[in-house]
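Q: This structure is in structure tokens; I'll ask about it shortly.
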Amino acid sequence: MRTTNIVKAAGALALAIGLSALNASAGQGNQGNPGVIPPQASSHGQTYGEWSAAWWQWVLSVPADHNPALDLTGADAAQGQTGSVWFLAGVFGSPGAVERTITIPPGKALFFPLINFVWISTVPEDPQTAEGIREIIKPPADAATDLECEVDGVPLKNLAAYRTESPLFDVTLPAGDVFGAGPATYGPSMDQGYYLMLAPLSAGEHTIHFKGSMPATIAPYWAPFSVDVTYHITVQR
């Protein structure tokens, strides 16, 4: 039996924006969501797809005992965070409704998935090309539904337009990784999901609630799961 073949779907989170942070003159590029970087744009030197690869490299670099995607309170939100973009995690699996309280530094753009799907090739027999991996991750991304995100009570629009595909990338797992695969570098990997890049939140308190689901069994790799997360966020002054 192969115990290191890694297939993981993460329902991740949708997070806050100060709705006045970006000028509404971005028009339909941001799908009518002021404060959200348009999905076709680059931000902080990378495309949405490149940031989605970086998101996985971040979340999988943290051991399970302090992994932000397994944290039910928000205590581990700052693990591994560096640079001008702050990654936000949701949940692995379907743990039910999760409520977290976090504090973030000022001036950080926020990048996160509403729901996402990754394949990590671990042996030579696994797919080694984007075309081969896409056949595995496209069906669950097609089946994703119930995408919702509210920021301080205001719903974001047209979330399906933020569907993103990463380039091929590798991940380095630490000791005590979330899969129990053992410390090593694995790949190639590839992701499809629904992501948002947000301009920095205004200082103060924010509440974000988001939901998403992949309700059908997508044979042979994907079981149904859902996401229901509320974040209470304090942005430092």
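Q: Based only on other Cβ atoms within 10 Å, what is the fewest-to-most ordering of 119, 222?
A: Values: 119 25, 222 19.
The order, fewest Cβ neighbours first, is 222, 119.
Q: For helix 48-59, what angle does its Cα long axis make with the longest principal axis of the chain, in degrees from 0 to 90 and rounded to 10?
A: Roughly 70 degrees, rounded to the nearest 10.
Q: Among 172, 62, 43, flag the residue with its Cα farthest along the positive direction of the charge dipole of the chain, charges on Cβ as +1 for Lys/Arg and -1 for Asp/Glu.
A: With unit charges placed on the Cβ atoms, the residue in question is 43.
Q: I would also like to ask the following. Taking H as built 1.01 Å from N, whose amide H comes closer than 5 Å to the amide H of residue 151, not counting residues under 5 places away?
A: So residue 151 has HN proximity to 156.
Q: Another question about this same structure. What is the sum of charges around residue 63, taking Lys and Arg as +1, Asp and Glu as -1, for the other residues whose C-beta is under 11 Å from the C-beta of residue 63?
A: -3
Q: May I ask for the angle, rounded to the nearest 10°, between helix 130-143 and the longest principal axis of the chain, with both axes built from Cα atoms and the value confined to 0 to 90°?
A: Between the helix axis and the principal axis of the chain, the angle is about 60 degrees.
Q: Could you work out [θ]222 nm for the chain from helices alone, using -39500 (n - 2.57) per DSSP H run of at least four and dividing by all its residues? Round to the nearest 500 deg cm²/dmol.
A: -3500 deg cm²/dmol
Q: What does the charge dipole of the chain about its Cα centre add up to, to the nearest 20 debye, if the Cβ of each Lys and Arg holds +1 and the Cβ of each Asp and Glu holds -1?
A: 320 debye
Q: What is the local net charge at residue 73, summed over the other residues whose Cβ is closer than 15 Å to its Cβ (Lys, Arg +1; Asp, Glu -1)?
A: My count for the surroundings of residue 73 gives -3.
Q: Among 123, 34, 141, whose Cα sits farthest toward the positive end of the charge dipole of the chain (+1 at Cβ of Lys/Arg, -1 at Cβ of Asp/Glu, about the Cα centre)?
A: Looking along the dipole axis, the top candidate is 34.
Q: Next question. Excluding residues fewer than 8 places away in the same chain, name every one of the aspartates and glutamates whose C-alpha is closer than 19 Å to that of residue 211.
A: Once the sequence-local aspartates and glutamates are set aside, what remains near residue 211 is 71, 99, 142, 146, 148, 150, 152, 228.
Q: Give, as a single signed number, the net charge of other residues whose beta carbon lies under 12 Å from the beta carbon of residue 168, with Lys and Arg counted +1 and Asp and Glu -1.
A: Cβ neighbours under 12 Å give a net charge of -4.
None of the figures in this text is laboratory data; all of them are computed from the coordinates on show. Keep in mind that this is a model prediction, so the values were computed, not measured. Because the Cβ atoms are built from the backbone with ideal geometry, glycine has one as well, and the counts that use them run over all protein chains shown.
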